[in-house]
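Note sheet for the following structure.
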Amino acid sequence: FTEQFLVTLAITAWSLWRKRNVKLWEQQTESVDHVLARVDYTLQTWTCAQNIQQHSSSVRRSQAEHWQPPPTKFVKCNIDVAVFAPAQKASMGACLRNEK
């Protein structure tokens, strides 16, 4: 597998997860075309960010990011994906956290 294939696979999995959450939490049904358009847009954005990062000697954020607990009665879900091109593998993980 190529790195591009693994990245596309991870972004597609995320878009399908997002479709599920929109249905579950917003009671809206997204079309297949909408899901695929989100995959295309996210992939283009990721590729652009990778190109900028490769051409920049250092990337600085304008403001520090700090974790904030979710509001009461909410659960925060953080999802991350890693692509290991040389090993031809991708990995996804999730962490759920309440306000405490």
Residues of region 3-60: accessible area per residue at 1.4 Å, in Å²? 76
Summarise the accessible area of region 3-60 (1.4 Å probe, protein heavy atoms) by the percent that is carbon and sulfur. 59
Local electrostatic count, Arg20, Cβ distance below 12 Å [Lys/Arg +1, Asp/Glu -1]: +1
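The values are calculated or read from the model by the stated rules, or taken from the named source; none is laboratory data. Model, not experiment: these values are computed from the prediction. Don't worry about glycine lacking a Cβ; one is built from the backbone with ideal geometry, like all the others, and counts go over all protein chains shown. Side chains included, ligands, DNA and RNA excluded: accessible areas come from the protein's heavy atoms. Shrake-Rupley method; radii C 1.70, N 1.55, O 1.52, S 1.80 Å.
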